[in-house]
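Read the structure below first, then the notes.
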Amino acid sequence: MQLLEPRIQVQIRDVSTIILPVLLAFLGLVFAGLFYLSQVVFDGLKCTGDKIDELITAYGRLLLDLLGGSILVSCFANISLLPSLVFWSFSFKITVDILRFVAIRGYIKTVHSKGLLIPKEYSEIGKFFRKLRNAGFIIWFMPGLLYFFTVAYPLAVSLRTEGIRFQLSQQALVIFLLSSTVFSFIQLYLLVTEALNARGILRNV
């Protein structure tokens, strides 16, 4: 399949040379923004009991996962196994954080819906999976795209071109680097949007 055998001519070290300075500057801005949110917005949101502060934190966690993964892959681009090690670590971390993010969105949706419930007799694990279920397709859509393009698709390309092995192919790493960079900007937009909504909530409290 052509989709699993993309004709990518550039090497990961060439892409990282261009992207790394942009990512580092972007990371500095993100840390400054998260510090501002922690000082100005979060304390006020805690009194609302609506878990909006946890939602913004989840957005920020996903953004830092994407930036951290792409920056480390760029830094270690010339060392054979390290980019793949970063990718596998990123894959685990982003999977956990996506599930946490969707669970928070599912909980907020449940609270504001008359037809969705989380039975009190459920265990913590049962409640967690019910939150994931209550989230629904629309909430799952963007995290699903993020996971596909940053984890599943690079893995599929590497399996197709190199077979089953720890070290990913150059094409897969380039796809990961470009995808994670693009989704970093998308995630920042969503984070800023949610923060602005939070400010509106605080004004009405």
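The values are calculated or read from the model by the stated rules, or taken from the named source; none is laboratory data. Every value quoted in this text rests on a predicted model; they were computed, and no experiment measured them. Ideal geometry is used to build each Cβ from the backbone, glycine not excepted, and the neighbour counts take in all protein chains shown.
If you go through region 86-102 and pick out every residue that is of a type outside the set (F, W, Y) and touching a residue at least 60 places away in the same chain (Cβ under 8 Å), you end up with 1. Contact map, region 19-34: residues that are touching a residue at least 60 places away in the same chain (Cβ under 8 Å) paired with residues that are of a type in the set (V, I, T) and part of a helix (DSSP H, G or I), Cβ distance under 6 Å, separation 6+ or inter-chain. Pairs shown: I19/T181; L23/I71.
Which is basic (K, R), touching a residue at least 12 places away in the same chain (Cβ under 8 Å) and surrounded by fewer than 18 Cβ atoms within 10 Å (Cβ to Cβ), of R105, R165, R133?
After ruling out the rest, the residue left standing is R133.
What about Q187, is it touching a residue at least 12 places away in the same chain (Cβ under 8 Å), within 20 Å of the chain's Cα centre (by Cα) and assigned to a helix (DSSP H, G or I)? Spelling it out, Q187 is indeed touching a residue at least 12 places away in the same chain (Cβ under 8 Å), within 20 Å of the chain's Cα centre (by Cα) and assigned to a helix (DSSP H, G or I). Among the residues of region 101-135 satisfying the criterion of being aromatic (F, W, Y) and in a helix (DSSP H, G or I), which is nearest to the chain's Cα centre (by Cα)? Checked region 101-135; the qualifying residue nearest to the chain's Cα centre (by Cα) is F101.
Condition (residue is in contact with a Gly (Cβ under 6 Å, 6 or more places away or on another chain) and of a type outside the set (D, E)) applied to region 170-189: is it met by at least one residue?
The answer is yes, given that some residue of region 170-189 is in contact with a Gly (Cβ under 6 Å, 6 or more places away or on another chain) and of a type outside the set (D, E).
Quick check, is F128 in contact (Cβ under 8 Å) with a residue 60 or more places away in the chain and of a type in the set (A, V, I, L, M, F, W, C)? No, not satisfied.
Being under 20 Å from K93 (Cβ atoms), surrounded by 12 or more Cβ atoms within 10 Å (Cβ to Cβ), free of Cβ contacts under 8 Å to residues at least 24 places away in the same chain and among the aromatic types (F, W, Y) narrows it down to one residue among F176, F148; which is it?
Details: F176 fails: free of Cβ contacts under 8 Å to residues at least 24 places away in the same chain.
Step by step, each of F176, F148 is checked, and only F148 is under 20 Å from K93 (Cβ atoms), surrounded by 12 or more Cβ atoms within 10 Å (Cβ to Cβ), free of Cβ contacts under 8 Å to residues at least 24 places away in the same chain and among the aromatic types (F, W, Y).
Of all positions in region 69-84, at least one carries a residue that is within 30 Å of N134 (Cα to Cα) and either buried (at least 20 other Cβ atoms within 10 Å of the Cβ) or modelled with pLDDT of 90 or more (or both).
Being within 22 Å of D53 (Cα to Cα), within 15 Å of the chain's Cα centre (by Cα) and β-branched (V, I, T) is a property that does not hold for I138.
Among the residues of region 130-187, those that are within 18 Å of V86 (Cβ to Cβ) and among the polar types (S, T, N, Q) comprise T150, S158, Q167, S169, Q170, Q171, S179, S180, T181, S184.
When region 89-112 is examined, which residues are found to be closer than 30 Å to L168 by Cα and either touching a Lys or Arg at 6+ places or on another chain (Cβ under 6 Å) or of a type in the set (V, I, T) (or both)?
Just the residues of region 89-112 that are closer than 30 Å to L168 by Cα, to begin with: 89-102.
Matches in region 89-112: I94, T95, V96, D97, I98, V102.
Of the residues making up region 151-162, those that are of a type in the set (S, T, Y) and surrounded by fewer than 20 Cβ atoms within 10 Å (Cβ to Cβ) are Y153, T161.
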